[in-house]
Amino acid sequence: MASTSAHPFPAKSAAIAPIEVDTAPQIRRSFAASRSDEIGDAGNATSVAHGAPELVASGYGSMTTEEAPVVEERPKRTWFRYIKTRDFWIVLVLGQILALCITSTNTFSALLAGKGTSIPAFQTLFNYILLNLVYTSITIYRYGLKGWMQLLYKDGWKYFILSFLDVEGNYFFVLGYRYTTILSAQLINFWAIVVVVAISLIFLKVRYHLTQYLGILVCCAGMGILLASDHITGSNGGEAANQLKGDLFILLGATFYGLSNCFEEFLVSKRHMYEVVGQIGFWGTIIIGVQAAIFDRGSFQTAVWDGQVGGYLVGYTLILSLFYSLAPLVFRLASAAFFNISLLTGNFWGVVIGTEVFGLSVHWMYPIAFVLIILGLFVYFMSETVLGEAKKPWLGVNQEAGVAGIGTAKRRVERPDAIV
């Protein structure tokens, strides 16, 4: 997952999803012509074939898999159509909640460092353990133990790669902050957006509209104002211990983030969210556990352990787990690109929180930058059709290769009255 640093604390991101209840099999429902008209009136030019749709399961255990209704959306674009829908406002708010989550975890990291406890790998281990306990348990309950074992045998390698990218993105980003300045790290973090757009274009066959590129540029301009403010006020993190080394670590971490975001968007569009998040937790626990045992032994021995440190670790773990649980919803409702540019507001929220926790002051340029980034998010979706980016090109014209889960285009056509 791509991440954006929340000034003035190190940035970190991660990737995950709320418990998703996909009842399978569902009672068959026919879509009459009036339903198609109703969807069209809501601003969506879609055609729904008559038939008997059912929810699509992942195919493990005793769950059934059938095709969802044929759904086609005319390519004609109407300005501001998607912005008028409920889905847009949901994904906009979700993006800001995720930015606040990142800011909060960075705040807890800063508080831990202030107490003399800097153990990045071990600190993140508890997040993966919690995700594994919650979502793997749900997966085993839904698929059965045999179905879960089949999942590991058949697709475990995919989730291992996803978890590895996610873990290393977190690790190298935090490691980079030990050697470079905050300002430099924030600039390099833009590389994650470049990676996401490039991977989406080349491998996921996403074709961005001109307004989407414009929206990304507007958001980046807002971020540029934040960075300029940091430079003017001298809030760039001071002298770098090893500028080149730190910048290379940040660049590597941003690359891992971009790759993991695109891979997760691909997987959650085809599989249940509890399966994807559970596998991230399962493999992530193993990977980060080994890493912590190798690289954090010295820091662990010299760390301060008291009630405050325990409270900070609990807060960090709970908020980061919430982040991982909500991120897949944004990947389904929107995309990895929108996910990354939404996190750009994290620097603004970081200063807002920092005024209360660390006594920072808000520079007059910060509110302007925040408004500009939010405006860029509106521009990004200015010409989108009513389904926005929920309709994924790699799932087929009718999304036949996707799962009818929370936030997917297939689910919203089957159940237009659903919240997401």
Just need a number here: residues in the range 295-332 that are aliphatic (A, V, I, L, M), more than 20 Å from the chain's Cα centre (by Cα) and under 26 Å from Thr136 (Cα atoms).
2
Could you check Phe249 against (1) out of contact with any Ser or Thr (no Cβ under 9 Å at 6 or more places or on another chain); (2) in a helix (DSSP H, G or I) and say which number it fails?
(1)
Neighbours by Cβ (under 6 Å, 6+ apart or cross-chain): first from the range 395-420, free of Cβ contacts under 8 Å to residues at least 12 places away in the same chain; second part of a loop (DSSP other than H, G, I, E, B) and surrounded by fewer than 18 Cβ atoms within 10 Å (Cβ to Cβ)
none
Meets criteria (farther than 26 Å from Asn106 by Cβ, out of contact with any His (no Cβ under 7 Å at 6 or more places or on another chain) and modelled with pLDDT of 95 or more) for Leu152
yes
Of all helices (runs of 4 or more DSSP H) fully inside the range 260-349, the set with 1 or more residues that are within 30 Å of Ile368 (Cα to Cα) is 307-333, 336-342
Within the bounds of the range 121-133, is there any residue that is assigned to a helix (DSSP H, G or I), more than 16 Å from Thr285 (Cα to Cα) and either over 19 Å from the mean Cα position of the chain (by Cα) or touching a residue at least 60 places away in the same chain (Cβ under 8 Å) (or both)?
no
Are any residues in the range 289-318 of a type in the set (S, T, N, Q) and without any contact (Cβ under 8 Å) to a residue 40 or more places away in the chain, and if so, which ones?
Gln301
Touching a helix residue (DSSP H, G or I) at 6+ places or on another chain (Cβ under 7 Å), polar (S, T, N, Q) and surrounded by fewer than 21 Cβ atoms within 10 Å (Cβ to Cβ): does that describe Thr211?
yes
So Arg142 clears everything in (1) modelled with pLDDT under 90; (2) touching a His at 6+ places or on another chain (Cβ under 9 Å) except one condition, right? Which one?
(1)
Based on this model, can you work out whether Ile319 counts as β-branched (Val, Ile, Thr) and either under 30 Å from Lys154 (Cα atoms) or crowded, with 24+ Cβ neighbours inside 10 Å (or both)?
no
Looking at the range 240-262, can you tell me whether even one residue there is β-branched (Val, Ile, Thr) and either under 18 Å from the mean Cα position of the chain (by Cα) or modelled with pLDDT of 95 or more (or both)?
yes
Would you point out which residue out of Ile140, Ile199, Ile193, Ile161 is buried (at least 23 other Cβ atoms within 10 Å of the Cβ) and either in a helix (DSSP H, G or I) or out of contact with any strand residue (DSSP E or B) (no Cβ under 8 Å at 6 or more places or on another chain) (or both)?
Ile193
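The values are calculated or read from the model by the stated rules, or taken from the named source; none is laboratory data. Since we're looking at a predicted model, the values are computed, not measured. Reconstructed Cβ throughout: ideal geometry from the backbone, glycine too, with neighbour counts over all protein chains shown.
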